Amino acid sequence: MSVEAVVEPGPKHNVQASRQAYYDKISKYHMTPLWEVLKDLVTPEPKTQVQPTVWKFADVKRLILEAGEVISAEEAERRVLVLENPGLPGKSRITNALFAGVQLIMPGEIADVHRHVSSAIRFVLEGEGAYTAVEGEKSMMKHGDFIITANWAPHDHGNPGKQPVMWLDVLDMPTINHFETSFGEHFDEKMQKTNHEDGDSFERFASGVLPDGMPVTQNRTPVINYPYAKMRPILERLKKTGDIDKRHGARMRYANPINGGPVLPTMGAHLALLPKGFKGEPYRSTDATIFACAEGHGTTIIDGKPYEWGVNDVFVVPSWKRYQHNPAEESVLFSISDRPAQQALGIWREGN
Ligand code: GTQ
């Protein structure tokens with residue numbers, strides 16, 4: 001018999017039992033005691049189920065090409081392998097707020113036009129000759145291109161080329177479904193009629209001028225594609241002049257040219273060049289962040305453990321976990337998170 005049992009055998013048991021009886025009683029009225037759950041609701045720091053994880057492109061490519069034999073793009077509607085965080089099994093999400101997947105479109109295939117409340121971005125990994133058409137603008141996809149499909153924008157994909165084309169999709173579906181605001185629809189036709197030439201929205205809106213009279217309140221970018229060929233030389237300029245952040249390297253934020261804000265209200269993205277020999281200082285922020293390597297290779301220490309990445313690998317850093325980048329050669333990392341949503345709500349924090 002334990003000492004505790006000798007000192008207070010009855011009362012403690014009685015307290016527990018009578019509390020439980022009380023909880024059982026109020027549960028019939030759909031009430032529950034806050035004091036039993038308060039410490040899970042208000043934590044001193046963010047608590048996350050999200051696990052730091054790397055998806056190696058060699059595996060992703062081999063397995064998605066196999067999906068090309070199992071199902072057509074048309075049957076699948078979107079032939080995508082979900083990058084599912086191992087800490088969130090069955091939830092189709094890479095972080096709590098975001099979905100990520102790798103999409104494949106084979107030569108000759110199309111993925112029909114549809115639209116939904118969820119916004120999407122694409123970061124092109126491998127292959128050329130495919131396009132995404134968004135709101136009447138057809139955009140050829142090349143490695144490193146960053147393509148935006150805003151809330152309710154009609155979009156379809158196609159591959160009139162000769163190579164399988166693969167890209168990273170990131171969508172805010174978990175956020176939209178959290179608010180229970182999901183709508184989606186199909187169209188009678190399979191493909192949009194395009195009325196803008198490739199690159200039109202970039203040239204029209206991202207050249208330091210705007211069509212006269214354009215409203216300045218639009219909270220999402222009018223640019224469909226931020227081509228890597230246009231972005232990469234800007235990183236080189238930052239590097240040359242020593243504009244190198246000690247945590248992030250030579251980094252730019254993809255901006256809405258109308259108001260300088262993020263490209264979408266729910267998702268924001270960056271492109272960073274990590275120079276040769278760069279040893280990143282530690283950083284953390286409340287927006288769990290998805291990275292994709294466009295060039296080079298290296299290691300990121302996340303929460304004390306090393307995660308290795310190379311070209312087209314995707315990795316994720318959970319909310320408020322400290323990380324630092326150590327490239328093994330000059331490298332370029334794309335990253336995306338729900339930072340704009342957190343900032344709009346006034347709840348975003350960063351630290352070291
Ligand atoms: O390309 O429209 O990865 O609707 C998930 C849902 C891609 C798309 C995804 C989608 C799409």
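Going by accessible surface with a 1.4 Å probe and the largest first, 112, 243 read 243, 112. Between residue 217 and residue 63, the modelled labels are 4.6 nm apart [label points 7 Å from Cα along Cα→Cβ].
Partners of residue 246 within straight-line reach, counting aspartates and glutamates whose Cα lies under 14 Å from its Cα and excluding those fewer than 8 residues away in the same chain: 281.
Of the residues 289, 241, 53, the one that moves most in a GNM of the chain with alpha-carbon contacts below 10 Å is 241. What's log10 of I(q)/I(0) for region 209-352 at q = 0.14 Å⁻¹, Debye sum over Cα points only, no solvent? Values, matching the q order: -0.69. Think of a 1.4 Å ball rolled over the protein heavy atoms: the chain then has 51 Å² of accessible area per residue.
Principal-axis analysis of the Cα atoms of the chain puts helix 57-70 at an angle of about 80° to the longest axis. Loop-located trypsin sites (Lys or Arg not before Pro) in region 56-149 (DSSP state other than H, G, I, E, B) with a sparse environment of at most 16 neighbouring Cβ atoms within 10 Å: 56, 78, 91, 142. The fraction of accessible area contributed by carbon and sulfur in region 245-344 is 48 percent, rounded to a whole number (1.4 Å probe; ligands and nucleic acids excluded). Of 139, 207, 72, the order by accessible heavy-atom surface (1.4 Å probe, DNA, RNA and ligands excluded), from most exposed downward, is 207, 72, 139.
For the residue pairs 56/321; 39/91; 230/321; 61/138; 91/138; 61/91, the alpha carbons lie more than 27 Å apart in 230/321; 91/138. The angle between the Cα long axis of helix 10-27 and the main principal axis of the chain comes to about 50°, on a 0 to 90 degree scale.
The values are calculated or read from the model by the stated rules, or taken from the named source; none is laboratory data. Worth saying up front: this structure is predicted, and the values here are computed from it rather than measured. Positions of Cβ are backbone-derived with ideal geometry, glycine not excepted, and every protein chain shown enters the neighbour counts. When the accessible area is computed, the model is the full protein with side chains, heavy atoms only, and any ligands, DNA or RNA have been set aside. Shrake-Rupley method; radii C 1.70, N 1.55, O 1.52, S 1.80 Å.
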